[in-house]
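What follows is one structure encoded as structure tokens, with my remarks underneath.
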Number of protein chains: 2
Amino acid sequence: MKRKDYIAKHLSSLIGSDKVKSSPDFCISYSYDATPTGGRGIPDVVVFPETPEDVSKILSFANEELIPVYPRGAGSGLTGGAAPENGGIVLTTEKMNKIIEIDEDNLGVLTESGVVTYTLQQEVGKRGLFYPPDPSSYKYSTIGGNIAENAGGPRCVKYGVTKDYVLQLEAVFPDGTITTLGARTVKSVAGYNLKDLIIGSEGTLAVITKAYLKLIPTPEDVRTAMAIFDNVEEAAQAVADMFKAKVIPTALEFLDRNSIVAVENYAKLGLPTDAGGLLIIEVDGYREIVDILIDRALEVCKKAGAKTIKKAKSEKERKEIWRARRELSPAIVQLKPKKINEDVVVQRSKIPELIKGTYKIADKYDLMVVNFGHAGDGNIHVNFMFEPHEADKVESAVRDLFRFTIELGGSVSGEHGIGFMKKEFLPLEVGKAIEKMVAVKKALDPNNILNPGKIFDI
Amino acid sequence: MKRKDYIAKHLSSLIGSDKVKSSPDFCISYSYDATPTGGRGIPDVVVFPETPEDVSKILSFANEELIPVYPRGAGSGLTGGAAPENGGIVLTTEKMNKIIEIDEDNLGVLTESGVVTYTLQQEVGKRGLFYPPDPSSYKYSTIGGNIAENAGGPRCVKYGVTKDYVLQLEAVFPDGTITTLGARTVKSVAGYNLKDLIIGSEGTLAVITKAYLKLIPTPEDVRTAMAIFDNVEEAAQAVADMFKAKVIPTALEFLDRNSIVAVENYAKLGLPTDAGGLLIIEVDGYREIVDILIDRALEVCKKAGAKTIKKAKSEKERKEIWRARRELSPAIVQLKPKKINEDVVVQRSKIPELIKGTYKIADKYDLMVVNFGHAGDGNIHVNFMFEPHEADKVESAVRDLFRFTIELGGSVSGEHGIGFMKKEFLPLEVGKAIEKMVAVKKALDPNNILNPGKIFDI
């Protein structure tokens, strides 16, 4: 019997044949995620477990037979986290898609890991509750995938990242052990914090099957405004001063000069194409305070040198302001046939240096660069735009960008993770800590079956 | 040469004799922490490293010679975390006590681990910045100790625990490797989150030498009130409803009937001694909102059945309200010669059940129990008061309490950690996850030199 058939047959006997697919169409469909380099490897089988016990059986078998297992949420990752590089088993959580309990008394929700983030947000929203993390994939990515990647989003500047909302996890380790990690209480110091170790470990340590998430009351109201600056320094000054003025915005999105030009040419919003930086500022909270906060924020922008200021007076105007950000992705793909988007992150005060550095790198390689992103937390999406024949130059430019980011004390990934895409740069950033990460991996996954080849090679 | 002398001599040659003390007075002074059971074991030497390199040399030596090392902040822990049970080396961080940089642009502070939490709060406060975690030991405990125990405090209900403020750590592993874990940015997903694994690991995985902490702007204003209820159910209902009314209080302290009686008899505050529950409510934030919030909170209390409501109209009245909580510790020690304080935590909705459970347990063993604590996050300090000859009964009562807390889905420790005091109960709470915790310990401290015998035995 072929290995593929053996695996499929054995798994079918363990969890039921309806949960095991090995036909070419399934295997090809699950061979890639949203990473721009495309697919890498085709799995032997795709499994659709419905319970932690199913997951436990799959992992125990794979662990004994040394078969790689690639956990997968919605496959929306951008660094290859779900790519089955060495064949084996793709384990998709899509059938574990029930919201188990919304706990209004304790502001929490117990959910299976395959639930789509947007679905969960809608359901808890009906009870006046709010799950803040908002990666741009939130309409299709899953809670489990968000947890495995510790997903961020624009709102993180005020509300924090996925990790800040996960109180408890059900996770299955490679030897099949089903565990509950963390507690449903805000405080708990009982033993090692394995929960936060699993969060962001990109499916390399355990498979997440359930999560108990912290919720907060839905903010009562929101205000949105735009401020346009002559140069990036002024915009960055406004960002820093806003926090000093005690305004923690819900979103603080930045567009650099190339972004402004691109979106204006594409969407004709009436933006000044000679501007050097644009901020979209959103504040939320109690209805009695939002006007006060947005005015404070705009006062800061004026003092920092903003030439144009626009405050949304209606939901229509609010949407209009957000168009500058929303139309950006379709706008920039008009510029060149290909793009690569790197989500580096630096401290807020280093944003001007980072932006200027990207211009220098782009000049060096004669490339176009477009920068935008979450200025409030220093997380800038650097987009190199290029023709297909320029791919090598872009690779060098990205390498320069990562080195420069690390020099600035920043991180090569604020949101997207390492996957296989950024493995080369992880040691540069974390130094000797990588030895300790590898030691942890070997302790929890001694046979290296879970998502092998991701984050680092061992 | 005696082992003690050999260790002292060798360490002196490595880091300088002024940083190594082995005289009996030093060794006895560092033989215990604040744990009520008193001292356990006397170290051979006490070392006072001043740099991460000193720490690295101490650990490398201890690791080769298999000498236990007990890291120590201020020794204010309550579960024996700093107790040198097997002799060896006590490593105190008290000489690493410099605040290195307050970063106003990025709202952060880089500090050595031996800095006292209160000192740090005062220093950043001068710049209008705020470090919220406030364990009751904050006036003498250290940042490093707070991180090692993931310390909490009353303000955590709104602001989160120590972990939520640590962005980056410098930590030295048992083999002497000096690492930087985490990033100075709010977002970072570069490799495993070892930072949050080290936080709360009670000095068993690495020695923390520096931390980069997140700060927030100091809240502009604060309002304080008190609400008194006939019974614990009403008080608990008010707690739950407050969050639904979108009021996240800065502090929400609860006193049960025995607490009210004890503090009234001691401090004569005019509290009704037939009340079943008392809440102290504090809100903070923008000056335009604090009055609105405290009124909302009190409206909730009234609806839940509060008989008496008192709103502080001045700083003097505010202090008066807080006396009910502050005088509680001196008040209850009047009741009986001995007490044991357990910091169990349950979900908010389970508070009435927990409190009633403690009364049942107290009845069973004919003991006095006094409950108070941080109702907002379900963290209740259960105090059994007893005569010296009742120690055995208390031990049984505590055992019942832990079992009952776990039955309620809670945690045996919200703030104090496991140390050697709660080792017996950790497996009850975390189940099979303990095997994975032990695997991580063995991977990062293969010779079991760092704080051996704490959290679990291996």
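Just to be sure, is residue A:142 hydroxyl-bearing (Ser, Thr, Tyr), more than 9 Å from chain B (Cβ to nearest Cβ) and buried (at least 24 other Cβ atoms within 10 Å of the Cβ)?
In short, yes.
When the stretch A:430-446 is examined, which residues are found to be charged (D, E, K, R), assigned to a helix (DSSP H, G or I) and without any contact (Cβ under 8 Å) to a residue 24 or more places away in the chain? Explain how you work it out, then say what you get.
Let us first name the residues in the stretch A:430-446 that are charged (D, E, K, R), namely A:432, A:435-436, A:441-442, A:445.
Imposing the further condition that a residue be assigned to a helix (DSSP H, G or I) reduces the set to A:435-436, A:441-442.
A:435, A:436, A:442, listed by residue number.
Regarding residue A:136, is this residue in contact with a strand residue (DSSP E or B) (Cβ under 9 Å, 6 or more places away or on another chain), within 29 Å of residue A:348 (Cα to Cα), surrounded by fewer than 24 Cβ atoms within 10 Å (Cβ to Cβ) and more than 11 Å from chain B (Cβ to nearest Cβ)?
Answer is no for this residue.
Take residue B:306 and tell me if it is more than 14 Å from chain A (Cβ to nearest Cβ) and not in a loop (DSSP other than H, G, I, E, B).
In short, no.
May I ask you to list the residues in the stretch B:166-184 that are basic (Lys, Arg) and more than 10 Å from every other protein chain (Cβ to nearest Cβ)? Don't jump to the end; show me each part of the working.
Kept after step one, since they are basic (Lys, Arg), are these residues of the stretch B:166-184: B:184.
The answer is none; no residue qualifies.
Report the residue count in the stretch B:1-54 for those that are β-branched (Val, Ile, Thr) and more than 32 Å from the chain's Cα centre (by Cα).
1
Check A:251, A:240, A:245 and return the single one that is closer than 20 Å to residue B:104 by Cβ, within 14 Å of another protein chain (Cβ to nearest Cβ) and touching a residue at least 60 places away in the same chain (Cβ under 8 Å).
On inspection, the qualifying residue turns out to be A:240.
Quick check: anything in the stretch B:19-31 within 27 Å of residue B:343 (Cα to Cα) and crowded, with 22+ Cβ neighbours inside 10 Å?
Yes, the conditions are met somewhere in the stretch B:19-31.
Could you list all residues from the stretch B:166-192 that are touching a Lys or Arg at 6+ places or on another chain (Cβ under 8 Å), surrounded by fewer than 24 Cβ atoms within 10 Å (Cβ to Cβ) and in contact (Cβ under 8 Å) with a residue 60 or more places away in the chain?
Those that are touching a Lys or Arg at 6+ places or on another chain (Cβ under 8 Å), surrounded by fewer than 24 Cβ atoms within 10 Å (Cβ to Cβ) and in contact (Cβ under 8 Å) with a residue 60 or more places away in the chain: B:170, B:176, B:177, B:178.
Specify the residue that is farthest from the other protein chains (Cβ to nearest Cβ); the eligible residues are those in the stretch A:254-276 that are of a type in the set (Gly, Ala, Ser) and in contact with a Lys or Arg (Cβ under 7 Å, 6 or more places away or on another chain).
Residue satisfying both the conditions and the ranking: A:267.
Only residues that are in contact (Cβ under 8 Å) with a residue 24 or more places away in the chain and within 13 Å of chain B (Cβ to nearest Cβ): list them for the stretch A:277-296, please.
If the condition is that a residue be in contact (Cβ under 8 Å) with a residue 24 or more places away in the chain and within 13 Å of chain B (Cβ to nearest Cβ), then A:283, A:284, A:285, A:286, A:287, A:290, A:291, A:293, A:294, A:296 are the ones that fit.
Which of the residues spanning the stretch A:191-237 are within 12 Å of chain B (Cβ to nearest Cβ) and outside any loop (DSSP other than H, G, I, E, B)?
A:194, A:195, A:196, A:197, A:198, A:212, A:214, A:216, A:217, A:221, A:236, A:237, listed by residue number.
Check residue B:130 against each of (1) without any contact (Cβ under 8 Å) to a residue 60 or more places away in the chain; (2) under 26 Å from residue B:220 (Cβ atoms) and name the one condition it does not meet.
(1)
Here are some conditions: (1) among the small types (Gly, Ala, Ser); (2) at negative phi; (3) more than 8 Å from every other protein chain (Cβ to nearest Cβ). Residue A:410 meets all but one. Which one does it not meet?
Checking residue A:410 against (1) among the small types (Gly, Ala, Ser); (2) at negative phi; (3) more than 8 Å from every other protein chain (Cβ to nearest Cβ), the one that fails is (3).
Among A:85, A:101, A:149, which is the only one that is surrounded by fewer than 24 Cβ atoms within 10 Å (Cβ to Cβ) and modelled with pLDDT of 95 or more?
Details: A:85 fails: modelled with pLDDT of 95 or more; A:149 fails: surrounded by fewer than 24 Cβ atoms within 10 Å (Cβ to Cβ).
That would be A:101, the only listed residue that is surrounded by fewer than 24 Cβ atoms within 10 Å (Cβ to Cβ) and modelled with pLDDT of 95 or more.
Based on this model, can you work out whether residue B:430 counts as over 16 Å from residue B:357 (Cβ atoms), crowded, with 23+ Cβ neighbours inside 10 Å and either within 12 Å of chain A (Cβ to nearest Cβ) or among the basic types (Lys, Arg) (or both)? Walk me through how you get there before you give the answer.
Numbers: over 16 Å from residue B:357 (Cβ atoms): yes; crowded, with 23+ Cβ neighbours inside 10 Å: yes; either within 12 Å of chain A (Cβ to nearest Cβ) or among the basic types (Lys, Arg) (or both): yes.
Answer is yes for this residue.
Being more than 10 Å from chain A (Cβ to nearest Cβ), surrounded by fewer than 24 Cβ atoms within 10 Å (Cβ to Cβ), out of contact with any strand residue (DSSP E or B) (no Cβ under 7 Å at 6 or more places or on another chain) and not polar (S, T, N, Q) narrows it down to one of B:163, B:126, so name that one.
So the residue among B:163, B:126 that is more than 10 Å from chain A (Cβ to nearest Cβ), surrounded by fewer than 24 Cβ atoms within 10 Å (Cβ to Cβ), out of contact with any strand residue (DSSP E or B) (no Cβ under 7 Å at 6 or more places or on another chain) and not polar (S, T, N, Q) is B:126.
Does residue B:443 satisfy being surrounded by fewer than 23 Cβ atoms within 10 Å (Cβ to Cβ) and not polar (S, T, N, Q)? Steps first, please.
Values: surrounded by fewer than 23 Cβ atoms within 10 Å (Cβ to Cβ): yes; not polar (S, T, N, Q): yes.
Yes: the conditions hold for residue B:443.
Please state which one of A:420, A:425 is hydrophobic (A, V, I, L, M, F, W, C) and either more than 10 Å from chain B (Cβ to nearest Cβ) or within 27 Å of residue A:278 (Cα to Cα) (or both).
On inspection, the qualifying residue turns out to be A:420.
All but one of (1) modelled with pLDDT of 95 or more; (2) more than 30 Å from residue B:425 (Cβ to Cβ) hold for residue B:66, so report the exception by its number.
(2)
I'm checking my understanding of the structure. Among residues of the stretch B:336-350 that are within 14 Å of another protein chain (Cβ to nearest Cβ) and closer than 25 Å to residue B:265 by Cα, which one is nearest to the chain's Cα centre (by Cα)?
By that ranking, first place goes to B:343.
Kindly establish whether residue B:107 is more than 23 Å from residue B:22 (Cα to Cα), among the hydrophobic types (A, V, I, L, M, F, W, C) and within 19 Å of the chain's Cα centre (by Cα).
For residue B:107, the condition - more than 23 Å from residue B:22 (Cα to Cα), among the hydrophobic types (A, V, I, L, M, F, W, C) and within 19 Å of the chain's Cα centre (by Cα) - is not met.
Out of curiosity, is residue A:13 surrounded by 20 or more Cβ atoms within 10 Å (Cβ to Cβ), at pLDDT 95 or above and among the small types (Gly, Ala, Ser)?
no
Select from the stretch A:44-72 the residues that are farther than 18 Å from residue A:452 by Cβ and either free of Cβ contacts under 8 Å to residues at least 12 places away in the same chain or buried (at least 24 other Cβ atoms within 10 Å of the Cβ) (or both) and list them in ascending order.
Scanning the stretch A:44-72 gives a single hit, A:49.
Restricting the stretch A:370-402 to residues that are assigned to a helix (DSSP H, G or I) and within 14 Å of chain B (Cβ to nearest Cβ), which is farthest from residue A:138 (Cα to Cα)?
Per the stated criteria, the residue is A:402.
Here are B:199, B:208, B:216: which of them is free of Cβ contacts under 8 Å to residues at least 60 places away in the same chain and within 28 Å of residue B:102 (Cα to Cα)?
B:199
The values are calculated or read from the model by the stated rules, or taken from the named source; none is laboratory data. Remember, predicted model here, so these are calculated numbers, not experimental data. So basically every Cβ, Gly included, is an ideal-geometry build from the backbone, and we count neighbours across all protein chains shown.
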